[in-house]
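Remarks on the structure that follows.
The values are calculated or read from the model by the stated rules, or taken from the named source; none is laboratory data. Everything numeric here is computed off the predicted structure, so don't read it as measured data. In this analysis, Cβ positions are derived from the backbone assuming ideal geometry, glycine residues included, and neighbour counts consider all displayed protein chains. What goes into the accessible areas is simple: the full protein's heavy atoms, side chains included, and nothing from ligands, DNA or RNA. Shrake-Rupley method; radii C 1.70, N 1.55, O 1.52, S 1.80 Å.
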Amino acid sequence: MIVHEEPGLWLLTTPSSAYAVRLGPDGAPRCAHWGPPLTLDQARALPAGREELASEGGGRFGVAGLQIRYDDGVRGVEWQHLGHDITDDNPGSHLTIRMADRHYPLEIDLHYRVRPGDDAIDRWTTLRNTGAAPITILRCDSAAWTVPHRPDYRLTHVTGEWGAEFQTRRTPLAMAETTLTSRRGHSGHHANPWVMLDAGDATEDHGEVWSAALAWSGSWRITCEHDRDGRAGWTGGFGHEGVTWRLGPGETLETPKFTGIYSAEGFGGISHRWHDHVRCHVLPAPDRTRPVIFNSWEATEFDISQAQQMELADLAAGIGVELFVVDDGWFAGRRGETAGLGDWWPDPERFPDGLTPLIEHVKRLGMDFGLWVEPESVNEDSELYRKHPEWVLRQPNRHSSEVRDQLLLDLARDDVAAWVYDRLDELVTGNDIAFLKWDMNRPVTEAGDDVWVPYIRNVYAVIDRLRAAHPHLMIEGCASGGGRADLGILARTDQIWTSDNTDAAQRIAIQHGYGRLYPACTMGAWVTDSPNAITGRPTPLAFRFHVAMAGALGIGGDLRRWSPADLAEAAHLVERYKEIRPVVHGGRADRLADWAVQYTRDADVIVLSWRPTMLVHATAPVRIKGLDPDGRYRDRDTGEIHHGVVLMNHGLPRPWPFESSSELKRFTRVG
Ligand code: GLA
């Protein structure tokens, strides 16, 4: 049993945590426990704490995750318990605590889901208008999460910008309120919809960490609260402040899932659990091998031709690439940023016989073929816009903002979404396409209340339909790099384009931050040219590879400019990557230091370490984690045998060779 209940008390258990909900004296469901495992008997001793979904009104003065205005102007919710259901979910159990307003015709279901072998607890909310008049929903969060009293809470989250996503930040949790949010209609470069709190004492390997992540790719808001007594928690959901809904008679509003995980094993322990959860219960095709990709963007940008792409394909195949992706620039009229978006057929001048000759060439070389698309956008200079200017997302009497010279289609409209689906379906049906890179290069602007949520739902629906119709198709999520990375998009894509910044030295921090929640098999990482196109930094080829090999490897450089020696080294490194790929993508990931990461799967241990600058501390020994102290491990390259206890306590034999800036170590347990 995963869910236990007795009147007014519910206990959910996972392998290493427990969660208890209790009806408070005011009838509101309240958190009684979120932390280490406990029994129903132990849970009985716990008082009811903060509300599971805080409404406004009465003596509540905190952040309201549920704000309602009825037709007569009255606001808030007075809770009445209607009952509960526990159903078998496949796999797992689903608890629904059914609530209603005491007076007004509004039913509120609080949902909880747990699964065997998984430490994640999914929570979400549904509202149902059972009356005859519309109800205004000013805010409906998915859930509020409460952590136990501790004196020194810290907040861990990521911040950033284009080209510098997923920068980890850890600070004392401010007193009062801290809001993390995106108002951009995508999850954001500047933030990511997850939060972690620890009691000020957690390290990579020890200490309690509480965390939650929202499965939503549009705008969102998570607000943490912290009072002087050490009480803390957060509430979060879709939409930024001011996005409201009218819930008509008989209508239902369902929020996205807000998934929480607790671990007593530090920030490493919490990442392990997130990775397992995403791989086992979020990704649509977790076991599919992520191919080594070539992507044309940095090599050729908008200036592409069939012959040039064929030449790149020859070179890519020569170094072991498995999937050749033509990025932007292949479709009608696309010569730069100002034209073409919306006209999703091959440019007749560049591809006079369509894409078939190129695709056949790529297939003959033993690779699959993929294409870049940006289906939500349109340029004014396009046939689509000339035909359907009314499909653009805009508001009457308001200027239409252009970002990167483009507008957005109003995907909240079902007819526009249907058109997008048809175009993509036609493209994939008519060509042998194994992979789409689905980009979104501008935020949402000039959108009314009725857009923010339906827009994302329709994006999801189009992707879901496309995957169902083309089960072999892989999809990479992208929004100018990592602007739309979250559990919602990962439920329907295979990987994410992590950042447009491919400078390997800067990429390390981006990848570390990304990997706090999301597993390496989803982390698109290319090796590009040196010096780097954005930062101008020169780096050795092996360094660039060793950084990208920590994720889902791709090649994004102009292979025509690589020397024969570079190509030979690249072929060797791609081969090594293919050997370690099952461990990197399916194993446990451990951050050993800011400059090193370890992947462990069964008997295999991989350590990638980097020294981007003359950091003295980066020459310190890197201690390996999670080995059997009594085990013996063979270095697969040198044949040397090491004792587990030595590798764990004294680290890899060092110092680094002075001239080398990165290293890949492979060990296999031999006894
Ligand atoms: C975005 C993506 C890039 C590339 C360009 C093409 O910036 O993040 O990888 O696809 O668009 O225009």
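The amide H of Ser296, built 1.01 Å from its N in the peptide plane, has Val325, Asp327 as neighbours under 5 Å, considering only residues 5 or more places off or on other chains. At a 1.4 Å probe, what is the % contribution of carbon and sulfur to the accessible area of the stretch 1-128? Reported share for carbon and sulfur atoms: 50 percent. Taking all protein chains into account, the per residue accessible area for the chain stands at 36 Å² (1.4 Å probe). Of the accessible area of the stretch 354-395, computed with a 1.4 Å probe over protein heavy atoms only, carbon and sulfur atoms account for 46 percent. A cut-off of 5 Å between modelled amide H atoms, ignoring neighbours fewer than 5 places along the same chain, links His240 with Trp220.
Give me the compactness ratio for the chain, meaning the Cα radius of gyration over 2.2 N^0.38 Å.
On the way: Rg = 25.8 Å, N = 671, 2.2 N^0.38 = 26.1 Å.
Compared with the compact-globule rule of thumb, the chain sits at 0.99.
With a cut-off of at most 16 other beta carbons within 10 Å, and DSSP calling the residue loop, which chymotrypsin sites (Phe, Trp or Tyr not before Pro) in the stretch 54-129 qualify? Please list them. Let's see the in-between values first.
Numbers: sites: Phe61, Tyr70, Trp79, Tyr112, Trp124; in loops: Phe61, Tyr70.
Filter output for the stretch 54-129: Phe61.
Take the solvent-accessible surface of the protein heavy atoms, probe 1.4 Å, and return the percent of it on the stretch 508-635 that carbon and sulfur atoms account for.
Working: 2370 of 4410 Å².
C and S fraction of accessible area: 54 percent.
Basic side chains Lys and Arg get +1 at the Cβ, acidic Asp and Glu get -1 at the Cβ, and with that the dipole of the stretch 455-565 about its Cα centre reaches some 80 debye.
Per-residue 3J(HN,Hα) values for the stretch 441-446, derived from phi via the Karplus relation 6.51 cos²θ - 1.76 cosθ + 1.60 with θ = phi - 60°, read 9, 8, x, 7, 9, 6 Hz in sequence order (x marks Gly and Pro).
Each of Thr356, Gln406, Leu384 was scored by the projection of its Cα onto the charge dipole of the stretch 341-419, and the greatest displacement toward the positive side belongs to Gln406; charges sit on the C-beta of Lys, Arg, Asp and Glu.
Under 8 Å for C-alpha pairs, at least 6 residues apart: give me the relative contact order for the chain, rounded to a whole percent.
On the way: 1635 pairs, mean separation 67.1, N = 671.
Rounded, it is 10 percent for the chain.
A simple charge model with +1 on the Cβ of Lys and Arg, -1 on the Cβ of Asp and Glu and nothing else charged puts the dipole of the stretch 132-234 at about 440 debye relative to its Cα centre.
Tell me the net charge near Ala571. Cut-off is 15 Å between Cβ atoms, Ala571 excluded, with +1 for each Lys or Arg and -1 for each Asp or Glu. Write out the running numbers ahead of the final one.
Working: positive: Arg544, Arg576, Lys578; negative: Asp314, Glu322, Asp566, Glu569, Glu575, Glu579.
That sum, taken over residues with Cβ under 15 Å, equals -3.
What length, rounded to one decimal in nm, is gained on full extension from Asn90 through to Arg560, with 0.36 nm per residue of separation minus their alpha-carbon distance? Show your work: numbers first, answer last.
Numbers: separation 470, 0.36 × 470 = 169.20 nm, distance 5.03 nm.
Gain on extension, Asn90 to Arg560, equals 164.2 nm.
With the charge dipole of the chain set up from +1 on Lys and Arg Cβ and -1 on Asp and Glu Cβ about the Cα centre, the Cα lying farthest toward the positive end among the listed residues Gly200, His103, Thr338 is that of Gly200.
Roughly how big is the stretch 3-281's charge dipole about its Cα centre, with Cβ charges of +1 (Lys, Arg) and -1 (Asp, Glu), in debye to the nearest 20? Kindly include the intermediate steps, with their values, before the conclusion.
Values: 27 positive and 37 negative charges, 105 e Å.
Charge dipole, the stretch 3-281, about its Cα centre: 500 debye, nearest 20.
Could you list the trypsin sites (Lys or Arg not before Pro) in the stretch 362-418 that lie in coil according to DSSP, counting only those with at most 14 other Cβ atoms within 10 Å of their Cβ? Here the sparse-neighbourhood loop sites are Arg398, Arg404.
Restricting to lysine pairs 8 or more places apart or on different chains, what number in the chain have Cα atoms under 28 Å apart?
Numbers: Lys257/Lys437; Lys363/Lys437; Lys363/Lys578; Lys387/Lys437; Lys437/Lys578; Lys578/Lys625; Lys578/Lys665; Lys625/Lys665.
Number of lysine pairs found: 8.
Using the Cα centre of the chain as origin and beta-carbon charges of +1 (Lys, Arg) and -1 (Asp, Glu), tell me which of Val453, Ala596, Asn397 is placed farthest towards the positive end of the dipole. Highest projection toward the positive end goes to Ala596.
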